[in-house]
Amino acid sequence: MAAALDEFEKKYPITKGKAYLTSGNRTIEEQLQIILDPKYEKNYPNIKGRFKSKYKLKTLPKRGELTKEQVEWWNSEIAKQAGKPNGFAHVGGYAQDISVKNLTDEEKQKLTLMLNSKGFRVYNEHYSKSKVTFGVPIGQANLFHLTRK
């Protein structure tokens, strides 16, 4: 993915700034922190629902409030889905995020086409301190989530 970004920058001069890799191979602990972060409240509904059901909870506890047994449950469940396209793709390095906040809409479009031609699927994402939204129009995207086709 880094090579594709380098190639893109050589082919198309960037007007506002560079696109750069932001997230690749996460640890299970990093993924757990993301799952429990309130900003991702609407994300990961299946695993969150299974956890709440298993431990008879109405809300998710904070990371520091988890029991040893609960941490082991999370570690096991995240590991089962690690590196899988419909699981936790960043755990295991199947997915990568690229910040495109510094690119124009035209540059985002060109980068998307190039990444697709290199065998990547590109998912547009808008990331802020309080919320993450997937599937936004390219003009609203400030992050590309990439997976291999």
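The values are calculated or read from the model by the stated rules, or taken from the named source; none is laboratory data. Keep in mind that this is a model prediction, so the values were computed, not measured. Backbone-built Cβ (ideal geometry, glycine too); neighbour counts: all protein chains shown. For accessibility, only protein heavy atoms count, side chains too; no ligands or nucleic acids. Shrake-Rupley method; radii C 1.70, N 1.55, O 1.52, S 1.80 Å.
Note on region 45-58: among residues that are open to solvent by less than 100 Å² (accessible area, probe 1.4 Å) and free of Cβ contacts under 8 Å to residues at least 12 places away in the same chain, the one that is nearest to the chain's Cα centre (by Cα) is PRO45.
Does LEU36 qualify as being touching a Leu at 6+ places or on another chain (Cβ under 9 Å), of a type in the set (A, V, I, L, M), without any contact (Cβ under 8 Å) to a residue 40 or more places away in the chain and buried (at least 17 other Cβ atoms within 10 Å of the Cβ)? So LEU36 fits the description; yes. Across region 1-54, the qualifying residues are those that are more than 25 Å from SER128 (Cβ to Cβ) and outside any helix (DSSP H, G or I), and the one among them that is modelled with the lowest pLDDT is PRO13. Going by the structure shown, is ILE98 in a strand (DSSP E or B) and aliphatic (A, V, I, L, M)? Yes. You will find that of SER99, SER76, the residue that is of a type in the set (S, T, N, Q) and open to solvent by less than 20 Å² (accessible area, probe 1.4 Å) is SER99 and no other.
Residue-wise test of (1) open to solvent by 40 Å² or more (accessible area, probe 1.4 Å); (2) part of a helix (DSSP H, G or I).
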position	(1), (2)
GLN109	yes, yes
THR112	no, yes
TYR123	yes, no
SER130	yes, no
THR133	yes, no
ALA141	no, no
PHE144	no, no
